[in-house]
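Structure first, then comments.
Readers should treat all values here as calculations from the given coordinates under stated rules, not as data from a laboratory. Source: prediction; values computed, not measured. So basically every Cβ, Gly included, is an ideal-geometry build from the backbone, and we count neighbours across all protein chains shown.
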Amino acid sequence: MIKAILIFNNHGKPRLTKFYMHYAEDEQQQVIRETFQLVSKRDDNVCNFLEGGTLIGGQDYRLIYRHYATLYFVFCVDSSESELGILDLIQVFVETLDKCFENVCELDLIFHMDRVHFILNELVMGGMVLETNMNEIVARFEEQQKLQKSESGFSAMPNRAVSTVRDMNLSQKLRDIKIPDMPSFSSLYQ
Amino acid sequence: VKDSMRGLAVFISDIRNCKSKEAEEKRINKELANIRSKFKGDKALDGYQKKKYVCKLLFIFLLGNDIDFGHMEAVNLLNSNKYTEKQIGYLFISVLISENNELMRLVQQNLKNDLASRNPVHVNLALECIANIGSKEMAEMFAPEIPKLLVMGDAGDTVKQSAALCLLKLFRTAPEMVPLGDWTSRVIHLLNDQHMGVVTAAVSLIEALVKRNPDDFKGCVSLSISRLARIVTSSYTDLQDYTYYFVPAPWLSVKLLRLLQNYPPPEDTTVRNRLAECLETILNKAVEPPKSKKVQHSNAKNAVLFEAISLIIHMDSDPSLLVRACSQLGQFLSNRETNLRYLALESMCLLATSEFSHDAVKRHQETVVTALKSERDVSVRQRAVDLLYAMCDRSNAEEIVGEMLTYLETADYSIRGELVLKIAILAEKYASDYTWYVDTILNLIRLAGDFVSEEVWYRVIQIVINREDVQAYAAKTVFEALEAPACHENMVKVGGYILGEFGNLIAGDARSSPSTQFQLLHGKFHLCSPPTRALLLSAYIKLVNLFPEIREDIIAVLESDANLRNSNVEIQQRASEYLSLARNSTQDVLATVLEEMPPFPERESSILAQLRKKKPAVEDAIRVRGEKQQQRPASGAADGAAASAAPIAATPASGGGGGVKLQGDIAGAESNTDSDLLGLDFGGSAPAAAAGGGGAGGGSVDLLSSILDVGVSSSSSSSAAPSAASGASAQRKTVVVGAGASGSIVGEENWHKFVCKNSGVLYENDILQVGVKCDYQQSSGRIVVYYGNKTPAPLAQFASVINLPDSSLTNQLGIQVKPVGDRVGASEQVNEVITVDCMAEFFACPLLNIRFVYSGVAQSITLKLPLTINKFMQSSEMDSATFFQHWKQLSQPEQECQKIFQAKFPMDAETTKTKILGFGFSLLSNIDSNPANFVGAGIVQTKSGNIGSLFRLEPNQQAQMYRLTVHSIKPGVSKRLCELLETQI
């Protein structure tokens, strides 16, 4: 079973956290910090599995992670999961995000936290893998988007927030964000 | 554009533009204040606005801030008909509401509605939310409902898929809540479903269910094999969407292979051959040229391959498959991909436990040793250590132990402790020459003394004492080791003990004369910690017996102020007792009292037990191999015998030994007491030690007087020992009175939850789950206790005892127990029925003590039984006049009890009402002039009469306080009811 899914960037800033077992809020933050410390000090070409930190349950749990450009994707799992399987699952997750957001980058995760959660919900449910077929997941996500459009009464809702923001002032603000710092991480998985 | 939630985007950009942590905090606080005022404001918010603010709160939470409001608004969103609003509401709830939030009831109501919805997307949202929260309460409420969705003919694929996983999650949380029924057979047939996603989810569910009732699901074996066969023989174009980088349905294949590992190889030859074909095909594909260069392709392919190898190892019946698996893994050992090397080492560990492939694994020893030396990644090195440990046998033990010792010098600190244990175990298990064993352990202490636990050095002493042929060598070696200018304190302990026992064996050599031995030991004395000094004092008195010529030197040390008046009681007592023994006894008495230790009874190595605690799975597998090899003596008999157990020549403890054993220092290994003075133990039977209570129960015992009390167990305080002993002697008592504290009570938190309700989980740890369901009628009750074994191994010597901590309970309660069997099988659940009659009012709480042995370690758990006086209370209705009449009648000081206390839970009137009703009181309206107050009545029914009770509860919202007044006929009852109700509100 998957105990937690954490995404954080190279500086340890969480971009998505999902716990499938109950932890108090402050414990969650500690787990994130501990996991970041364990994972970030590892070289890029060592193996993608390591034993979990003490907070997440120690030797009985494994951290399986991948590092894409600016982001770490970490799945904390128990011994009933196949390591390579989870590694593939992370890949499916990233490729799905890439399809849903068109060249996903860290910024998409920040501004569309809700959607990232919805996509994840199609992939993993209650700590168990729900669906591994990318096309199916994307189809379900798009269905949701359609529902959203019909409910808001707009038919031509652009997919990305950046393009929806018409307010001059706001787009200026967005321009200020240093996007070159955040290369599209999906380009690295080839 | 409404749905872009522009406000959210602006807010996020603001945060990202903050230059400092302080600025960020300020911005967040501003936003929180804004949202709070919006939620509190007069203007009703529409769904979109609520959604936007809830989303903002989620973002703030992600940044690591506590969110303490907004829950109600999120719950409101669930009522919305708009999918997107509902969706955000559920998202917030599954991320932020903990299972005991007071809003849970509202959430559950919404979940109920959505589950019953005709719209499958709403059903799915509800299923997701139930699974994501996955609490016991969710299980209680929804577990019986979900199987219907799963097998309903017209349910859509996605609903079936979600329902399967949702049920799985609830099953993991509270298996007893998931009912078995005819749906189970229909679940098996989901393996044939058209939709691969449904099949995958169903396999996960079945895999968990078979662990509870393997026989009910036997049918899944042949179905999974045929499904697997269809996948592995298909080309990657057949399965289209479920093909992942040219590998057909890897995820499902892995799951199916896992499921099959719950059963023995199929008996039916056709089915078995079909499975063998599948496995061969998978092994064949591994050597085919890759269809893609991408790492995803090889990952997916190998995920299936590794799982297939696990299944081959699990079946352990086909030598050719096992050997092929091994050679495949051997290739991975030198693969470029670190992940594959890691997994290959791990799988090989299991292969090494099979007799068919053990030798094949051994051929890779050199590669593994190289990995140990050259891998850059500590995780991989650790797996290499595990594998070396698993492949070790008598033929290669010296070599492997040598390599491990070399590695120990440079090993990462994080794994040194485990490495030391492994070396110690291997050295003991495969020692044919015990001088090698002694050398190895002393080397261990020299190289990594800090990581050598007590168990390790206790064990070396046990072995030296039990083996005469190594004693002289051990004495000589420790003597030499102690000559080093600096040596580890553990070395001093071992040296002291061994020289005290066997110093005479090397005294003939002028270089190690008696006084040199003594001086050498005493030279270290002042640098050591008090426990070591105490041990050395025992060694000195033993030297007095061995070498009368140095008696005066030793007396001088014993009577020095530093010892005789040491502030440490242990040292002081030893010094003064040994001093009078040395001064006043004749040589005969000394020789008798200080005789050489008799051999230790043979028992499981305590080190092994410790390692098993750390790494249960691997150790079990290795032990199983030992057992298997014994069962099949034909194959590799010599090795089998070697692997079976620690080959210590066990001489039974000699009867009537009559000598002071310095056992306290060693027997302490079994009990966890600090080394006590002397585990005095005359006569062979050693009552305390044999019962597992350890010879070290009693703190300090007067040495000389105890010598006279021959055969009396020295401990009066270790009540655990006698009760354990009585359990062993087939006189199983299930109710014990006044046994005193038998271990500390755990799970008190859960106990409180039972005051107002009658079923749920009373206690749970990694091994055991204790569930309770009770019902009460008048003065009788029936408590069913469910013991669920959560592990894949059986719990042996299972016994439960009800302790009445207060002897007056014997007259107040009549308890009868229908006991459970003495074994709880793997993942099995058994129940015990306790019937209770309430004879009279009672105030103490019976204790439930559960004992069992799990993987060789005895466990004892003491819980409070959820049995309180209010359980026998029936609510009672009356009108205002009657109420006041009773209230006035019952106002003697001992009949009345009043408490003023802080609210322990949010002061929500509805919740409080539910709790009061659950507690057993009625709620009477129109009696108190203040409608916010609660007033009611109840009658406690006992065999010796009814006890009418009345209460009044006055909440003070402002101060978050309550005033509770209870009037009752019987003294004490009102106080007890007050105490109990106080903890609940």
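Here are the numbers:
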{"item": "Amide proton proximity set for A:Lys3, modelled H, under 5 Å, gap of 5+", "result": "A:Cys76, A:Val77, A:Asp78"}
{"item": "Computed over the stretch B:860-985: relative contact order in percent, which uses C-alpha pairs under 8 Å that are six or more apart", "result": "33"}
{"item": "Loop-located GluC sites (Glu not before Pro) in the stretch A:42-119 whose Cβ has at most 16 other Cβ within 10 Å (DSSP)", "result": "A:Glu102"}
{"item": "Efficiency of FRET from Cβ geometry, B:Val784 and B:Asp157, R₀ 35 Å, rounded to 0.05", "result": "0.35"}
{"item": "Extension gain (nm, one decimal) between B:Arg230 and B:Thr269, 0.36 nm per residue minus Cα-Cα", "result": "12.2 nm"}
{"item": "Highest to lowest packing among B:57-66, B:379-388, scored as the average C-beta count within 10 Å", "result": "B:379-388, B:57-66"}
{"item": "Approximate spin-label separation A:Glu102-B:Lys26, in nm, with each point projected 7 Å along Cα-to-Cβ", "result": "3.8"}
{"item": "Spatial separation of Cα centroids for the stretch B:832-904 and the stretch B:386-420, in angstrom", "result": "57"}
{"item": "Peptide A:77-87, shielding by other chains (average Cβ, 10 Å cutoff)", "result": "6"}
{"item": "Most to least packed among B:542-553, B:813-824 [average Cβ atoms within 10 Å]", "result": "B:542-553, B:813-824"}
{"item": "Charge context of A:Gly85, other residues only, Cβ under 14 angstrom, K/R +1, D/E -1", "result": "-2"}
{"item": "Distant-in-sequence amide H partners of B:Asn803 (H built 1.01 Å from N, under 5 Å)", "result": "B:Val736, B:Leu847, B:Leu848, B:Asn849"}
{"item": "Relative intensity, log₁₀ I(q)/I(0), of the stretch B:392-594 from a Debye sum that treats every alpha carbon as a point, q = 0.11, 0.12 Å⁻¹", "result": "-0.54, -0.63"}
{"item": "Shielding of A:114-126 by partner chains, average beta-carbon count, 10 Å", "result": "6"}
{"item": "19 Å cut-off, amide nitrogen to a point 7 angstrom out along B:Asp215 Cα→Cβ, residues in the stretch B:251-278", "result": "B:262-268"}
{"item": "Spin-label pair A:Ser150/B:Ser320, simplified geometry with 7 Å Cα→Cβ offset, distance in nm", "result": "5.9"}
{"item": "Sites B:Val10 and B:Ala33 - FRET efficiency at Förster radius 22 Å, r taken between beta-carbons, to 0.05", "result": "0.85"}
{"item": "Packing-based exposure ordering (other Cβ within 10 Å, fewest first) of B:Lys148, B:Lys915", "result": "B:Lys148, B:Lys915"}
{"item": "Check: the stretch B:870-984 dipole with +1 on Lys, Arg Cβ and -1 on Asp, Glu Cβ, in debye", "result": "360"}
{"item": "Estimated vicinal HN-Hα couplings, Hz - the stretch A:29-35 in sequence order (Karplus 6.51, -1.76, 1.60; Gly, Pro = x)", "result": "5, 5, 4, 4, 4, 4, 4"}
{"item": "Shielding score for B:157-170, defined as the mean number of other chain Cβ atoms within 10 Å", "result": "3"}
{"item": "Mean Cβ neighbour count within 10 Å, used as a protection proxy, ranking B:10-23, B:306-319 highest first", "result": "B:306-319, B:10-23"}
{"item": "Pairs from A:Lys149/B:Lys40; B:Lys818/B:Lys864; B:Lys773/B:Lys818; B:Lys913/B:Lys970 whose Cα-Cα separation, in the structure shown, is over 20 Å", "result": "A:Lys149/B:Lys40; B:Lys913/B:Lys970"}
{"item": "FRET efficiency, 1/(1 + (r/R0)^6) with R0 60 Å, evaluated for B:Ala510 and B:Asp766 via beta carbons", "result": "0.55"}
{"item": "Pair-distance profile P(r), taking every C-alpha pair of the stretch A:2-152, with 10 angstrom steps and integer %", "result": "11, 42, 35, 10, 2"}
{"item": "Neighbour-limited loop hits for trypsin sites (Lys or Arg not before Pro), the stretch B:184-276 (at most 13 other Cβ within 10 Å; DSSP other than H, G, I, E, B)", "result": "B:Lys218"}
{"item": "Separation of the B:Lys112 and A:Asp60 label points, Cα + 7 Å toward Cβ, nm", "result": "3.5"}
{"item": "All-pairs Cα distance distribution in the stretch B:736-867, expressed in whole percent, bin size 5 Å", "result": "2, 10, 21, 24, 22, 13, 6, 2, 0"}
{"item": "Dipole magnitude of the stretch B:736-867, debye to nearest 20 (Cβ charges: Lys/Arg +1, Asp/Glu -1, about Cα centre)", "result": "180"}
{"item": "Between the stretch A:1-60 and the stretch B:274-333, the alpha-carbon center distance in angstrom", "result": "31"}
{"item": "Amide H contacts of B:Leu594 (H built 1.01 Å from N, under 5 Å, at least 5 apart or other chain)", "result": "B:Val660"}
